[in-house]
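Below is one structure; the comments refer to it alone.
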Amino acid sequence: MAHQLTITNGGIAEMAFVGETPWHGLGQVLLPDASIDEWRLAAGMNWDIMRTHVQYTNGELHDWKENQVLYRSDTNKPLAIVSPKYKEVQPKQVLEFFRDLVEVNGFSLETAGTMKGGRRFWALANTGLGGEVVDGDNVNSYLLLVTSCDGGLATTAQFTSIRVVCNNTLQMSLNGIHGTRVSVRHNTEFNPNSFKAELGLNATEVYTDFMDRMKGYANTSLSGARAEEIIEEMFAKKGVTVPIRATKGFKTVLQLFNGVGKGSQIDGVAGTAWGLVNAVTEYSDFHIRAKNQEYRLDSAWFGAGRALKENILEIVAEV
């Protein structure tokens, strides 16, 4: 298994994609014009979350009416124990969220699938917007919808970006001012129309704001000493209390910034705040310490990696 992708008993990864094969080599390739129904089948999302009451035995069978079991309709495998008030989101709802965006707004699905045995699932669509921060350094805009059925993650829609030179490195922290992220916990019904209304379908506005900020970072020079101070501040904000400059994380980010990182020697990237943002992004997505490779995507999107990317954007905004 790679990146905690769900693998069926037949050895098939519950993931579909268009374009280049992911580095882990798993998933089913689709044509760019594949239908939502084709995505459901190829991504392994053609099942429903079912629920039933909890029973246990101590020689006799008892009901535990205060809790329910969520399970997969295709395999009957359990997903979580929840209260009767828990509002699950179905895999098909995640894909259906994009139907009109694809058919009317010019979006195109690029990846979808499940992780952790189906406890978490997502879809990622290209908004059709893209451009260069500096010459030769392209960034494309995406919309991610992700949810869980084990209480581990609220249903979240978020604009994000992918830097092409980094082989689809995700930059998950677009903290602009235009409603880049909408989230709802599972004690509330998921309403896709409300999500879209709150986002405003403002992909162009979000992308323009993001690119303006990143171009500003590309025009902000950083000395090596200042970069070291910012990296140290970033890890301190994460809660690292040991001598930060002696840690592997600090040394790796600094090396990526100083020319080892992908695209780090491009004019406008080298020695700039934009270069430092990308050094942290690459570290977060590909180098950060994880239990194993299965956990790396989870960290980059939802965990420690995402937190670092949010931290660096907050810090460089003040430079």
Review point. If you go through the range 221-230 one residue at a time, how many are buried (at least 20 other Cβ atoms within 10 Å of the Cβ) and either of a type in the set (D, E) or not in a helix (DSSP H, G or I) (or both)?
Key: 1
**Study point:** Residue that is surrounded by the fewest Cβ atoms within 10 Å (Cβ to Cβ), among those in the range 61-77 that are closer than 25 Å to S183 by Cα and not aliphatic (A, V, I, L, M)
**Key:** N67
Review point. For the subset of the range 7-27 comprising residues that are crowded, with 17+ Cβ neighbours inside 10 Å and out of contact with any Asp or Glu (no Cβ under 9 Å at 6 or more places or on another chain), which member is farthest from K116 (Cα to Cα)?
Key: P22
Study note, to complete from the structure: Going through (1) more than 19 Å from L313 (Cα to Cα); (2) at pLDDT 90 or above one by one, V133 fails only at (1)
Check your understanding: Of the residues in the range 91-137, how many are over 18 Å from Y207 (Cβ atoms), touching a Lys or Arg at 6+ places or on another chain (Cβ under 9 Å) and not in a helix (DSSP H, G or I)?
Key -> 3
Exercise for review: List every residue pair whose Cβ atoms lie under 8 Å apart, where the two residues are 6 or more positions apart in sequence or sit on different chains, the first residue falls within the range 41-68 and is more than 30 Å from G11 (Cβ to Cβ), and the second residue, located anywhere, is of a type in the set (D, E).
Suggested key: H53/D63; V54/D63; Q55/D63
Review point. Can you name the residue in the range 88-101 that is farther than 18 Å from W47 by Cβ and out of contact with any Leu (no Cβ under 8 Å at 6 or more places or on another chain) and, of all such residues, is surrounded by the fewest Cβ atoms within 10 Å (Cβ to Cβ)?
Key: D100
Review point. Checking E38 against (1) surrounded by 13 or more Cβ atoms within 10 Å (Cβ to Cβ); (2) at positive phi, which single condition isn't satisfied?
Key: (2)
Exercise for review: Please list, ordered by first then second residue, the pairs with beta carbon atoms under 9 Å, 6 or more apart or interchain, first in the range 188-210 and touching a residue at least 60 places away in the same chain (Cβ under 8 Å), second polar (S, T, N, Q) and part of a helix (DSSP H, G or I).
Suggested key: F190/Q93; P192/Q93
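Listed here are the residues, each with its yes/no results for (1) over 25 Å from D137 (Cβ atoms); (2) crowded, with 24+ Cβ neighbours inside 10 Å; (3) of a type in the set (S, T, N, Q).
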{"site": "T208", "(1), (2), (3)": "no, no, yes"}
{"site": "N219", "(1), (2), (3)": "no, no, yes"}
{"site": "E232", "(1), (2), (3)": "yes, no, no"}
{"site": "I244", "(1), (2), (3)": "yes, no, no"}
{"site": "G261", "(1), (2), (3)": "no, yes, no"}
{"site": "Q265", "(1), (2), (3)": "no, no, yes"}
{"site": "V269", "(1), (2), (3)": "no, yes, no"}
{"site": "G275", "(1), (2), (3)": "no, yes, no"}
{"site": "H287", "(1), (2), (3)": "no, no, no"}
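The values are calculated or read from the model by the stated rules, or taken from the named source; none is laboratory data. Being a predicted model, the structure only gives us computed values, none of them experimental. We place every Cβ from the backbone using ideal geometry, glycine too, and count neighbours over all the protein chains shown.
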